[in-house]
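Novice: Sharing a structure here in structure tokens format.
The values are calculated or read from the model by the stated rules, or taken from the named source; none is laboratory data. Note that the structure is a prediction, hence the values are computed from the model and not measured. Here Cβ is always computed from backbone atoms with ideal geometry, including for glycine, and neighbour counts include all displayed protein chains.
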Amino acid sequence: MAPLLEVRNLTTHIRTRRGVVRAVDDVSFTLEAGETLGLVGESGCGKSMTGLSLMGLLPPGGSLVGGSSVTLDGRELVGLPERELRRVRGNDIAMVFQDPMTALDPTKTIGHQVAEPVLLHRGCTRAEAADRATEVLGLVGLPHPRERLNDYPHQLSGGMRQRVLIAMALAAEPRVLIADEPTTALDVTIQAQILALLADLRTRLSMAMILITHDMGVTAGHTDRVNVMYAGRIAESTGTDRLFRGMRHPYTQSLLASVPRLDQDPDRQLPTIPGLPPDLTAAPAGCRFAERCRYATDRCRAEEPELTGPDSHRYACWHPTSGPLPLGSAVVVPRPAAAPVAVPDRPLLEARDLVREFPVRGNRLPGRGRRVVHALSGVSLTLGPGETFGLVGESGCGKTSLGRLLVGLDRPDAGTVTLDGTDLGRLRGRELRRRRRDLQMMFQDPFSSLDPRMRVGSILREPLQIHGLGSARQQRARVAELLAEVGLPTQGAELYPHEFSGGQRQRIGLARALALTPKLIVADEPVSALDVSVRAQVLNLMNRLQASHGLSYVVISHDLAVVRYLADRIGVMYLGRLVEVGSADDIHLRAAHPYTAGLLKAVPVPDPDLERAKRGSGISGELPSPVDPPSGCRFRTRCPLARERCADEQPVLRLFGAGHTAACHFPLQPPLSDTPAVAATDASGG
Amino acid sequence: MSTLEPLAPPDPAPDPRSETVDASTAARGSGRLSVRAFVRNRRALVGLGIVAVIAAFCFVGPLLYRTDQVTVRLDLADLSPGSAYPLGTDASGYDVLGRLMAGGRSSLELGFAVAFTTSVIGTLYGAVAGYLGGLVDAVMMRVIDTFLAVPGIVLLLMMVSMFTPTLWGIVLLLSLLSWLGAARLVRGEVLTLRTREFVQAARMMGGTGGRIVLRHLVPNAAGVIIVSGTFTIADSILTLSALSFLGLGLPPPHADWGTMLSAGLNSLYDGYWWLVYPPAGILIVTVVAFNLIGDAVHDALDVRLQRR
């Protein structure tokens, strides 16, 4: 039987002012009905462009080069006139885009947007189209679809918008669905729901699906076959199980190894892939991965390997490896010489009963009083010197608000933050600015955290100038020292930030934070904007610097694996409250709070068996509005174990082990005692 | 524009594959990149060229081509262009070519002076308002709204009819009117800049508000400041001409393109074309040239943003 979709020698060139970018280079694959094919790789490797090329949706300057062929059910799509192609798009091949915030038209109702492809392709009446829209919206799990047809996108949450996008794609019953990073912009809990939905729809509607993702965990659980792409080409192509257990291409191997995993020893350094993917305007001769490959020989640099292999397992490599690397590298993570003591005599940082509320603009009905967003409602935590505290939770749970309070960028409405015995809330003006030396922050976005108009040297010197540290000569020497410390060449001081890659910029940000030899660095999503291969480099660097400087970190991340890898203790936040605090092992192996357990379950693990085994379990629903948080336990609306008591009574933190506390009436572990844990005990550390 | 681009210029981005960064690339800053994009833009070069020629004409020209622009010589009135007077003479017997030079001087001086003062005042005011935000911002912006509510040209006419205008008096008046726009633009830019993480990073280091405004916000808003300044030059030159055209400009013996134009119009029906077309033409060319530069700067900065 001929495959449903057959792609042969697909080559996409994009003309830019810098030259011709060979975004997709000679890519061939097939897709059978009812199958999910994963396209995996780092950003810029041509995954998305492959998806767009299939649909004939090329960016300005883009063109398919001769020899490219895409056949759907035996019908050649390349070269079809635009009129004909439009009939295919949205009808036979549909696409789900990455960002649900921008992919919907904010001025049209969702009913209208979902009905649009039906109207375009089926030539039915508006009423029929609206019926079909209701039907598909129900299919994707939008509650009360008929009533919501007239809603506008801004009235829906991110997860619901993603469902609407999927409904739009499904409305005309396509045979091939291309999902381009459909869950990257979503929280893990919502991601799990959306992925389960896609898998379910695929079997029910017997569609074929192309899942484009950079996440090895998502790949493991939701694809049948995988194409690993690198620099516009397919590096390896095989069945999912085979790929994870017996990959042959070194790129696949390194990519998988560099992803931090929940089930790995955080004391082993992550293996990294050095360097960055090649520039596609001038792809190197020979194997494109050669420059970053540990097995590369002269042959790799001279001759380009063919994508061949036994049976269906094909790979383009001269020196294929076999199977995955052992978890973690052999190198042990350096830990601070003075390991965090179990009970620090004096904590470095202590936060007590922090409350932060932001007024809601507009919507102030008379008599309803002031409406506020409850960003933080009574959070206490302590941090010892040299310790790493991880904060996890869904977006909107107050992680970032807490981080800003801890470094004094914002002031709490109630509660105190004490650093080394000084109450930060009492400091003003000059005194506060002086104290800031001890508290530094590492930002999420490497593109906006460095002033684009300053040279890197000036950026690193600025904190020294502000605090009047040393002469100009000494400051320059310090800049060179800092650059060396984060592994960048000294000449880098003369360059501007835009001349560095994302990972390098993140290192510069870390160097800047280090310039004042702080005691604490709050890292807000330090690696979430980076590619997996670069992530490992930055994570390893953070570990090394902690050891050499005796730093304390507060690491804020939605990625549990990252937090698990870096943190000694972890705090799980839900809607402005800390629901569970414990050592990394407490949280991962002995979670007491159902939310923690659900969150962990939702994290995709790059292992096909583990990933498939856990289908259908996780946290349902979405984060309630922080303007009207649920009474009692805030998690009760989504908790599988919730009972009446949870609505009436707010649970207090109870002790589950040394330094392990959780706030739940019906915990998954028996508590040590029924009395509330005193704040001092939860300070004790793991 | 793409046809004007050189084919595939050498890629100025650093080699992304290597961790080591080549020091020879150090000279390429973001500023240089903008300059490069600016120079590649043909409109910019044309605009700059015209402005340079006109500036030379107005400031160097009088040194080479000396004329008497003070004494009225009715015996030489309304002579048509010839060898003695390349562009003829006007009703008072002044040499038109020499008068164009003298008039251009005051126009250019005024334009640059107004652009400078409005940029400085507007930038500081807008940056402070945008950075502080909240109540301070609200009050500062309402002040601007109040000023903007005053119809500018009426105020100008009132002032120049009450006092004898001088060049610097008009500079002051125009500055008072046009810094408002610059302040608004800069404030808007600063509002988006101050949420950027590098501004928070500067606060985290213990940087003072003044430092953040001057070291981080103003340099990053430089683009909009330059663009608005360039357009201000063109606008001021036009406004001065309009005032002069209405007879409310600089009093004699001061020369001005607007005054020349207005005087010339009266004699257009007499066939004295040289009294009208030269001042009108040079006025239009000058204003267009400044607008070209402004547009090009705007585009150059956009290009820089795209390249990041």
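Novice: For residues that are in contact with a helix residue (DSSP H, G or I) (Cβ under 8 Å, 6 or more places away or on another chain) and basic (Lys, Arg), tally how many sit in the stretch A:217-244.
Specialist: 1
Novice: OK, next. Residues B:Val186, B:Val213, B:Val199: which one is within 14 Å of chain A (Cβ to nearest Cβ) and either buried (at least 23 other Cβ atoms within 10 Å of the Cβ) or touching a residue at least 24 places away in the same chain (Cβ under 8 Å) (or both)?
Specialist: None of the other options fit; the residue is B:Val213.
Novice: Restricting attention to the stretch A:490-517, which residues are assigned to a helix (DSSP H, G or I), polar (S, T, N, Q) and in contact (Cβ under 8 Å) with a residue 12 or more places away in the chain?
Specialist: Hits for the stretch A:490-517 are A:Gln504, A:Gln506.
Novice: So, one more: Right, B:Gly207: modelled with pLDDT under 85, surrounded by 20 or more Cβ atoms within 10 Å (Cβ to Cβ), closer than 23 Å to B:Leu148 by Cα and not aliphatic (A, V, I, L, M) or not?
Specialist: no
Novice: Still on this structure: Any residue in the stretch A:82-97 that is in contact with a Ser or Thr (Cβ under 9 Å, 6 or more places away or on another chain) and at pLDDT below 85?
Specialist: Checking the stretch A:82-97: not a single residue is in contact with a Ser or Thr (Cβ under 9 Å, 6 or more places away or on another chain) and at pLDDT below 85.
Novice: Having 1 or more residues that are crowded, with 24+ Cβ neighbours inside 10 Å and within 20 Å of the chain's Cα centre (by Cα) is the bar; report the strands (runs of 3 or more DSSP E) wholly within the stretch A:174-270 that clear it.
Specialist: Answer list for the stretch A:174-270: A:176-180, A:208-213, A:225-230.
Novice: Let me ask you something else. B:Ser18 fails exactly one of the following numbered conditions: (1) at pLDDT below 75; (2) away from chain A (no Cβ under 14 Å). What is the number of that condition?
Specialist: Result: B:Ser18 passes all but (2).
Novice: Looking at (1) closer than 15 Å to B:Gly130 by Cβ; (2) touching a Ser or Thr at 6+ places or on another chain (Cβ under 9 Å); (3) not charged (D, E, K, R), which one does B:Thr192 not meet, given that it meets all the others?
Specialist: B:Thr192 satisfies every listed condition except (2).
Novice: Which of the residues belonging to the stretch A:271-300 are buried (at least 19 other Cβ atoms within 10 Å of the Cβ) and hydroxyl-bearing (Ser, Thr, Tyr)?
Specialist: A:Thr272
Novice: Among the residues of the stretch A:488-512 satisfying the criterion of being surrounded by fewer than 21 Cβ atoms within 10 Å (Cβ to Cβ) and facing chain B (nearest Cβ under 7 Å), which is farthest from A:Gly457 (Cα to Cα)?
Specialist: Taking the candidates together, the pick is A:Ser501.
Novice: Which fully enclosed strands (runs of 3 or more DSSP E) of the stretch A:349-451 have 1 or more residues being crowded, with 24+ Cβ neighbours inside 10 Å and either without any contact (Cβ under 8 Å) to a residue 40 or more places away in the chain or within 13 Å of chain B (Cβ to nearest Cβ) (or both)?
Specialist: Passing ranges, in order: A:439-442.
Novice: Whether any residue in the stretch A:45-52 is surrounded by fewer than 23 Cβ atoms within 10 Å (Cβ to Cβ) and of a type in the set (Lys, Arg) is what I want to check.
Specialist: Checked against the condition, which is being surrounded by fewer than 23 Cβ atoms within 10 Å (Cβ to Cβ) and of a type in the set (Lys, Arg), the stretch A:45-52 yields no hits at all.
Novice: Is it the case that A:Leu57 is touching a residue at least 12 places away in the same chain (Cβ under 8 Å), surrounded by fewer than 19 Cβ atoms within 10 Å (Cβ to Cβ) and out of contact with any Ser or Thr (no Cβ under 6 Å at 6 or more places or on another chain)?
Specialist: Criteria met by A:Leu57.
Novice: Next question, about the same structure. Name every residue in the stretch A:569-598 that is of a type in the set (D, E, K, R) and surrounded by 23 or more Cβ atoms within 10 Å (Cβ to Cβ), in order of residue number.
Specialist: A:Arg569, A:Arg577, A:Glu580, A:Asp586
Novice: Examine the stretch A:462-476 for a residue that is touching an Asp or Glu at 6+ places or on another chain (Cβ under 9 Å), in a helix (DSSP H, G or I) and within 11 Å of chain B (Cβ to nearest Cβ), and state whether such a residue exists.
Specialist: Yes, there is a match, as at least one residue in the stretch A:462-476 is touching an Asp or Glu at 6+ places or on another chain (Cβ under 9 Å), in a helix (DSSP H, G or I) and within 11 Å of chain B (Cβ to nearest Cβ).
Novice: Turning to a different aspect of this structure: Considering only residues that are in contact with a helix residue (DSSP H, G or I) (Cβ under 8 Å, 6 or more places away or on another chain) and assigned to a helix (DSSP H, G or I), which ones fall in the stretch A:639-657?
Specialist: A:Cys646, A:Ala647
Novice: Please go through the stretch A:509-536 and pick out each residue that is in contact with a helix residue (DSSP H, G or I) (Cβ under 6 Å, 6 or more places away or on another chain) and more than 26 Å from A:Leu469 (Cβ to Cβ).
Specialist: Across the stretch A:509-536, the qualifying residues are A:Val527, A:Leu530, A:Val534.
Novice: Would you be able to tell me the number of residues in the stretch B:284-293 that are closer than 19 Å to B:Phe245 by Cα and crowded, with 23+ Cβ neighbours inside 10 Å?
Specialist: 1
Novice: Please verify whether A:His319 is away from every other protein chain (no Cβ under 14 Å), in contact (Cβ under 8 Å) with a residue 60 or more places away in the chain and either of a type in the set (S, T, N, Q) or farther than 20 Å from A:Ser28 by Cα (or both), treating the condition exactly as stated.
Specialist: Answer is yes for this residue.
Novice: Looking at the stretch A:134-173, which of its residues are within 27 Å of the chain's Cα centre (by Cα) and among the basic types (Lys, Arg)?
Specialist: A:Arg161, A:Arg163
Novice: Looking only at the stretch B:86-129, which residues are crowded, with 24+ Cβ neighbours inside 10 Å, more than 30 Å from B:Ser267 (Cα to Cα) and touching a Phe, Trp or Tyr at 6+ places or on another chain (Cβ under 8 Å)?
Specialist: B:Thr118, B:Gly122
Novice: Which pairs turn up if I take residues in the stretch A:669-683 that are within 20 Å of A:Thr382 (Cα to Cα) and polar (S, T, N, Q) and look for partners that are at pLDDT 50 or above and assigned to a loop (DSSP other than H, G, I, E, B) with beta carbon separation below 8 Å, at least 6 apart in sequence or on another chain?
Specialist: The qualifying pairs are A:Thr681/A:Gly659.
Novice: Now for a separate question. Only one of A:Leu276, A:Leu280 is touching a Pro at 6+ places or on another chain (Cβ under 8 Å) and within 14 Å of chain B (Cβ to nearest Cβ). Can you tell me which?
Specialist: After applying the criteria, what remains is A:Leu276.
So that you can scan it fast, the table gives a plain yes or no per residue for (1) touching a residue at least 24 places away in the same chain (Cβ under 8 Å); (2) in contact with a Lys or Arg (Cβ under 9 Å, 6 or more places away or on another chain); (3) among the charged types (D, E, K, R):
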{"residue": "A:Gly246", "(1), (2), (3)": "yes, no, no"}
{"residue": "A:Ala257", "(1), (2), (3)": "yes, no, no"}
{"residue": "A:Pro260", "(1), (2), (3)": "yes, yes, no"}
{"residue": "A:Pro266", "(1), (2), (3)": "yes, yes, no"}
{"residue": "A:Leu270", "(1), (2), (3)": "yes, yes, no"}
{"residue": "A:Ile273", "(1), (2), (3)": "yes, yes, no"}
{"residue": "A:Asp279", "(1), (2), (3)": "no, yes, yes"}
{"residue": "A:Ala285", "(1), (2), (3)": "no, yes, no"}
